[in-house]
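Structure record follows, encoded as structure tokens.
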Amino acid sequence: MSKITIREMLEAGVHFGHQTRYWNPKMAPYIFGERGKIHIINLEKTLPLFNDALNFINKLAANKGTIMFVGTKKAARKTVSTEAKRCNMPYVDHRWLGGMLTNFGTIKKSINRLKELEAMRENGGLERFSKKEGLKFMRQLDKLERSVGGIKEIKGPPDAILVMDVGYEKIAIKEAAKLGIPVIGIVDTNNKPIDVDYVIPGNDDSIRALTLYCQSFAGAILEGKASVIKELVENKEVAKAIGDKPVAKKKAPAKKAVVKKAAVKKEPKVEEKTEAKIETKKANEES
């Protein structure tokens, strides 16, 4: 699996934290120092944590897990939706609806309504209504697309969530923690790494940094999915090779050679010979 490098993170500005006056003491272990009243994140600490998170995502995708991208602030929206679509995973790029994880039954109703309105739009069902009613339905459709459009294909809560800013997505993290769903989160120097299973210390404001995170996550997911397909193809080829192999015919057991015993002539015993001679002699004398 391809891994992230310190050079890539430096070029994306991952090492730039927030102003020193806004720092959170819980992030002290990940801070290298400060420059111009801005904290500098220690990328040597970030690198192994980032790669650990990518390994986890890769294995989860290989096991057909669902991973939700979450980035509702303006800087993260575009890259979150683009990369989530690229790896065919659910995403939330606008407002996080309360209960999106803990009350999925209610969210499912909104998803069903969205699909119903989409079907009406495609088959021309909205044309049956007046212009005013049609506009009303279109506004409703637009609102639902923003709120649940990115998760309309999921059947239930995801197996993990990727959070682009743990301070901005507190509700999502709390819901995930309540359900025991693993959280992979970008944690800047002004936030605290609480309820985050895979902490990635880094800049959560730079568009370049956010793009790097999302592209790396999507890449790990795609590689995980590809490994499953590769394994299936290899297994299929092995099975085919075994099926095409000619089966050796079993040799019939060799027949044992029958040895015919030669007929042995029985010679008369000595006693029988003597008696025969005596009888012959007597016959000669009488005659």
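Testing the spin-label approximation: label points 7 Å from Cα along Cα→Cβ at Ala28 and Ile194. State their distance in nm.
1.7 nm
Going down the list Lys109/Lys132; Lys73/Lys170; Lys3/Lys225; Lys85/Lys152; Lys59/Lys225; Lys170/Lys192, which pairs span over 18 Å between their C-alpha atoms?
Values: Lys109/Lys132 24 Å; Lys73/Lys170 12 Å; Lys3/Lys225 16 Å; Lys85/Lys152 12 Å; Lys59/Lys225 9 Å; Lys170/Lys192 11 Å.
Listed pairs above 18 Å: Lys109/Lys132.
Do the alpha carbons of any pairs in Lys26/Lys178; Lys64/Lys115; Lys26/Lys78 sit beyond 28 Å of each other, and which pairs?
Violating the 28 Å limit, Cα to Cα: Lys26/Lys78.
Which is farthest toward the positive dipole end of segment 1-48 among Gly36, Val14, Pro25, measuring Cα position about the Cα centre, with Cβ charges +1 (Lys, Arg) and -1 (Asp, Glu)?
Checking the options against the dipole of segment 1-48, the answer is Pro25.
Under 5 Å between amide hydrogens, which residues at least 5 positions from Glu34 or on another chain qualify, with H placed 1.01 Å from N in the peptide plane?
Ile40
For Asn24, what residues show an amide H to amide H distance below 5 Å, using hydrogens built from the backbone and excluding near sequence neighbours?
Close amide H contacts, sequence-distant or interchain: Asn190, Asn191.
Net charge near Ala172, counting Lys/Arg +1 and Asp/Glu -1 over other residues with Cβ under 15 Å of its Cβ?
After counting each charged neighbour, the total is -2.
Packing-wise, with mean Cβ within 10 Å as the measure, how do 157-166, 85-94 rank, highest first?
My ranking of the peptides, most packed first, is 157-166, 85-94.
Values in this text are rule-based calculations from the coordinates and carry no lab data. Every value quoted in this text rests on a predicted model; they were computed, and no experiment measured them. Note that we place each Cβ from the backbone using ideal geometry, even for glycine, and neighbour counts take in every protein chain shown.
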